[in-house]
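First the structure, in the form of structure tokens, and then the observations on it.
The values are calculated or read from the model by the stated rules, or taken from the named source; none is laboratory data. Quick caveat, the model's predicted, so the values are computed rather than measured. A quick note on method: Cβ atoms are made from the backbone with ideal geometry, for glycine too, and the neighbour counts reach across all protein chains shown.
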Amino acid sequence: MNCQPWLKALVYKCIDINHSCSLCDELAEQPYPLCVACEQELPWLSEYCLRCALPLPMGGLTCGQCSRRAPAFEQVVALWHYGFPVDTLISRFKHNRQWPLGRLMAEMLSSGLQHRYAEGLARPDLLLPVPLARRRQRERGFNQAGLLARWLSKRLAIALNERLLQRTRETPAQQSLDAKARRRNLQRAFALVDEGVVEGLHVAVVDDVLTTGATAQAIAALLRGAGARQVDVYCLARTAKPGQA
């Protein structure tokens, strides 16, 4: 049984008609349902670690953790801080099945990536969404990272493989764990159906939010071990350290 939503029917409003802003209900007057004023007020991520995109007081730096131990991924590309109202939009997309909001954010991320490509960011050969545990996907009915990767693949004309990366065991939800527990939780949690597929490729892993980076690190290490030339991470938002604004 296919539990994925019929994307064209569910998200057509985001691309075919002009309508109200998703945040303030005023007329958007843009190709997507977000007015200029609300778009400018989003928590854009402008100063961040060059490797893991951790919000920093100033740009062009590498955070202490990445300086001490370089991650397996090359870099993280994220549009926003995980703060209001982006956190609410992601929650509504992920937990309330409001797929048009996910499509809106994916469109904005694809535009941001196209701008970065024009400035010299290397385009990947393949997109891989972070997989959900089977039980969690049955409960939710879809994988939000898979949907984001589909929309990005179409807009960016980059190949997508939703079945190559698999979650091999059920793990507790990451939200309730600290950074050290998250790393232990993800040990041997992922596997590749065919390791030869990624050999020599530049791969981008797609997820909705990057928190501690434990999931991205586990997957990137797996891909590099299978011969991937480079691994990047694409996500909508990046959280700050606990207690950091």
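Is there any pair linking a residue in the stretch 61-78 that is touching a residue at least 24 places away in the same chain (Cβ under 8 Å) to one that is acidic (Asp, Glu) and surrounded by 17 or more Cβ atoms within 10 Å (Cβ to Cβ), with Cβ under 9 Å and at least six apart or on different chains, and which?
These pairs meet every condition: Phe73/Asp232; Glu74/Asp232; Gln75/Asp232; Val76/Asp232; Val77/Asp232.
In the stretch 77-135, which residue that is in a helix (DSSP H, G or I), over 12 Å from the mean Cα position of the chain (by Cα) and small (Gly, Ala, Ser) is farthest from Pro55 (Cα to Cα)?
Ala118
Which condition number in (1) modelled with pLDDT under 95; (2) of a type outside the set (Ser, Thr, Tyr); (3) not in a loop (DSSP other than H, G, I, E, B) is the one that Glu29 fails?
Answer for Glu29: the failing condition is (3).
Could you please find all residues in the stretch 68-89 being surrounded by 21 or more Cβ atoms within 10 Å (Cβ to Cβ) and among the β-branched types (Val, Ile, Thr)?
Result: Val76, single match.
If the Cβ limit is 7 Å and pairs must be 6+ apart or interchain, which residue in the stretch 107-132 that is among the β-branched types (Val, Ile, Thr) pairs with which residue that is in a helix (DSSP H, G or I) and crowded, with 19+ Cβ neighbours inside 10 Å?
Val130/Ala145; Val130/Thr215; Val130/Ile219
Within the group Arg123, Arg116, which residue is surrounded by fewer than 20 Cβ atoms within 10 Å (Cβ to Cβ) and over 16 Å from Cys235 (Cβ atoms)?
Working: Arg116 fails: over 16 Å from Cys235 (Cβ atoms).
Among Arg123, Arg116, only Arg123 is surrounded by fewer than 20 Cβ atoms within 10 Å (Cβ to Cβ) and over 16 Å from Cys235 (Cβ atoms).
Scan the stretch 136-153 for residues that are closer than 20 Å to Ala78 by Cβ and part of a loop (DSSP other than H, G, I, E, B) and report the count.
Filtering the stretch 136-153 for residues closer than 20 Å to Ala78 by Cβ gives 143-153.
Adding the requirement that they be part of a loop (DSSP other than H, G, I, E, B) leaves 143.
So the count comes out to 1.
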